[in-house]
Every structure is written in C-alpha cells, then in structure tokens.
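A quick write-up on the structure given underneath.
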C-alpha cells in the first residue's frame with residue numbers, strides 16, 4: 001500500500017471525512033485529498049507528524065509500504081488496528097484467527113501419515129474445537 005492508501009484507510013478507520021481530518025491535523029482538506037489520490041505523495045515531515053497525531057496511529061501504519069515490507073510487518077500493522085476495536089469486535093477477530101490457525105494445523109495433520117493411519121478430525125457442534133480420533137482399521 002502506498003502512503004495515500006494508508007492515509008485513506010486510517011482516516012476511514014476513524015470514520016472521518018477528509019475535511020474533518022484536515023481540521024484535526026491543521027492542514028488544508030485539499031492537501032488530504034491530494035495525498036490520498038497521488039501515488040507519489042511526498043508530504044513534509046511536519047505534515048506526517050500532524051497526521052500521526054490526528055489519526056492516533058503509529059508511524060509504521062501510515063508510512064509502511066505494503067509492497068516493500070514482508071507479510072509479518074503487515075500482520076503487525078493490521079493487529080495494531082485491531083487493538084483499537086471494541087472488546088466484542090476484538091473477540092471476533094481473535095476467534096477468527098484462532099479458528100483459522102486450528103484449521104491450518106488440522107490440514108497439516110491430514111497430510112501427514114503416521115504408521116499408515118491418518119487422524120480423523122471431527123468438529124464438535126458449537127465452538128468448532130477440533131477433536132482428534134484415530135481411524136479404526
């Protein structure tokens with residue numbers, strides 16, 4: 001993601017219009033518009049500081065180029081955004097990530113063969129916790 005894309009995403013996360021963000025940061029709304037729409041946005045350092053303070057975000061979340069950094073850095077930035085959610089929303093994110101990780105682990109177990117017996121994954125009704133059982137010959 002470019003600087004402009006990050007700026008737009010962070011502004012929308014805060015449910016702000018360009019005009020509202022401009023007022024909070026003490027810069028012109030036309031400048032916000034230009035920065036969001038230009039792939040070559042190169043704001044002054046003082047503008048970057050104003051935006052970081054107004055958006056209450058980390059420098060990485062505003063400046064990080066998603067195409068240049070690794071997936072781990074993008075995940076960290078995404079989790080930083082998730083930390084600002086309300087508790088119910090955080091619980092949903094945690095639940096989704098947890099279940100995805102469990103499903104990936106189950107997928108790996110199904111691909112491995114031990115002693116000619118593959119584990120059989122049964123999903124309980126309700127919270128989708130995996131229950132491992134061995135196939136009986």
Mean Cβ count within 10 Å, highest first, over the residues of peptides 87-95, 46-54: 46-54, 87-95
Ranked list, fewest to most other Cβ atoms within 10 Å of each Cβ, for 81, 12: 12, 81
Gained length - residue 110 relative to residue 17, 0.36 nm times residue gap less alpha-carbon distance: 28.6 nm
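Going by a ≥ b ≥ c, the root eigenvalues of the Cα gyration tensor, does the range 3-82 fall in the rounded group (a/c under 1.5), the prolate group (a/b larger than b/c) or the oblate group? All intermediate terms of the calculation are to be shown ahead of the outcome.
Numbers: a/c = 1.91, a/b = 1.49, b/c = 1.28.
Verdict is prolate for the range 3-82.
Every number here is computed from the coordinates shown, using simple stated rules; none is lab data. This one's a predicted model, so the numbers in the text were calculated from it and none came from an experiment. Here Cβ is always computed from backbone atoms with ideal geometry, including for glycine, and neighbour counts include all displayed protein chains.
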